[in-house]
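Only one structure is covered here, and it is reproduced in the block below.
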Amino acid sequence: MELRIDKELCTGCGLCVDACLYNALEIKEGIAVVNESCTFCGACVDVCPPGAITLERPEKTQAGLEQYKGVMVIAELEKDGIAPVTFELLGKGRELADTLGVELSCALVGYRTEQFADELIFYGADKVYLVDDERLVDADDRRFAAALFDVARRAMPEIILAGATSWGRSVVPRLAVKLETGLTADCTGLEIDIDKRLLLQTRPAFGGNIMATIICPNSRPQMATVRHKVMKPIGRDTSRRGEIIRVDIEKLPENRVHIIREIEELDEVLNIADADKIVSGGRGVGSKENFRLIFEFAESIGAAVGASRAAVDAGWVPYYHQVGQTGRTVAPKLYIACGISGAIQHLVGMQSSKTIVVINTDPNAPIFDIATYGVVGDLFEVIPEIMKRL
């Protein structure tokens, strides 16, 4: 990639200098000059009136794209084993791979990882690329990205999927930069355009007001991250057989981050993403004091407490209760929405719930469109009646 400045066209107006966030441009002898701080973001190109600045990106040829085959899922590990989002991605990856007629592989990177390889095959993988390296104990994200880069170069997948978790959001963008390809984050839908072999990546855009479908036609692999609970895993099949391929990593970058201490979240409070039942309150609850009714209702049925962004922004409940695009994605067996109108940002985070019960005074609230059961009424009258029955 190269930023070029045409000295014949440049007028030295300085607009590019003002637009650059990285102090990568300066005016010398009436001409714009670029230095080593340039990140090739293209902001200067957009503001240059005479078009003197151009950003040249080498495009991969179609012949180069044809070298990439297969779908790969990046496995994420937790203290107790494989993160649940990995199994969900293997389920979707299996579907995509079958549509394309290719293999589904999984990248398993870490230390003492061999014990988990068979489990990934049981959940749909044809191949597991196994990196078991002691240097990855408490490693920073740069090391994981470097190890995954070596795996991706060996496997040459046309699609890579990963979880939109804290770990995935830090490691996977680094990997995409190394692979010189695009990345669509927080996808809620993945499909295949079989004629063009393109991954159709759907995600909320412009604050969740529209759903955008994004493609990556000129580079491979096509990369996407998906939130926990958005996809569904396939059944575990212990009769499945696959290939385990060991990958040795020769060189890893210096570890710049060292973990001093870990503080675990309180599962009963924070982990609403894994709850089977959730009672959520929204703007219609009215106040922090009124939210006590939501907590009492949830406790009476053994449910976790969720909230809309409006309720969190108002300070009625802490952020870790928030469900939606900027909160947690959930898919419980039962989701009860109380006083929530149903903005797209909230629906994205809970519409995969098996049974959705809506309590709202507005019969035209958008959330009724996805409700399994709807109650048009005052939540302060309806909820106490339900609790009495229970």
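Please tell me if Ala185 is more than 30 Å from Gly349 (Cα to Cα), open to solvent by less than 70 Å² (accessible area, probe 1.4 Å), modelled with pLDDT of 90 or more and in contact with a helix residue (DSSP H, G or I) (Cβ under 9 Å, 6 or more places away or on another chain).
no
Tell me yes or no: at least one residue of the stretch 20-31 is under 29 Å from the mean Cα position of the chain (by Cα) and of a type in the set (A, V, I, L, M, F, W, C).
Within the stretch 20-31, one or more residues are under 29 Å from the mean Cα position of the chain (by Cα) and of a type in the set (A, V, I, L, M, F, W, C).
Return only the number of the condition from (1) in contact with a Gly (Cβ under 8 Å, 6 or more places away or on another chain); (2) crowded, with 20+ Cβ neighbours inside 10 Å; (3) more than 25 Å from Ala145 (Cβ to Cβ) that Pro204 does not satisfy.
Evaluating Pro204 over (1) in contact with a Gly (Cβ under 8 Å, 6 or more places away or on another chain); (2) crowded, with 20+ Cβ neighbours inside 10 Å; (3) more than 25 Å from Ala145 (Cβ to Cβ) leaves (1) as the failure.
With respect to Ala146, is the statement that it is out of contact with any Cys (no Cβ under 6 Å at 6 or more places or on another chain) and over 14 Å from Arg246 (Cβ atoms) true?
In short, yes.
For the stretch 290-299, check the following and say yes or no: at least one residue is without any contact (Cβ under 8 Å) to a residue 24 or more places away in the chain, more than 25 Å from the chain's Cα centre (by Cα) and crowded, with 16+ Cβ neighbours inside 10 Å.
The answer is yes, given that some residue of the stretch 290-299 is without any contact (Cβ under 8 Å) to a residue 24 or more places away in the chain, more than 25 Å from the chain's Cα centre (by Cα) and crowded, with 16+ Cβ neighbours inside 10 Å.
Here's the yes/no breakdown for (1) crowded, with 17+ Cβ neighbours inside 10 Å; (2) out of contact with any Asp or Glu (no Cβ under 9 Å at 6 or more places or on another chain); (3) modelled with pLDDT under 95; (4) assigned to a helix (DSSP H, G or I):
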site: Val102; (1), (2), (3), (4): yes, no, no, no
site: Ser105; (1), (2), (3), (4): yes, no, no, no
site: Arg143; (1), (2), (3), (4): yes, no, yes, yes
site: Ala146; (1), (2), (3), (4): yes, yes, yes, yes
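Any chance you could count how many residues in the stretch 1-52 are out of contact with any Phe, Trp or Tyr (no Cβ under 6 Å at 6 or more places or on another chain) and open to solvent by 90 Å² or more (accessible area, probe 1.4 Å)?
13
Given the condition closer than 23 Å to Ile192 by Cα, of a type in the set (Lys, Arg), open to solvent by 10 Å² or more (accessible area, probe 1.4 Å) and assigned to a helix (DSSP H, G or I), answer yes or no: does some residue in the stretch 130-138 qualify?
No.
The values are calculated or read from the model by the stated rules, or taken from the named source; none is laboratory data. The model shown is predicted, which means the values in this text are computed figures rather than measured ones. Don't worry about glycine lacking a Cβ; one is built from the backbone with ideal geometry, like all the others, and counts go over all protein chains shown. Quick note on the areas: whole protein, heavy atoms, side chains included, nothing else; ligands and nucleic acids left out. Shrake-Rupley method; radii C 1.70, N 1.55, O 1.52, S 1.80 Å.
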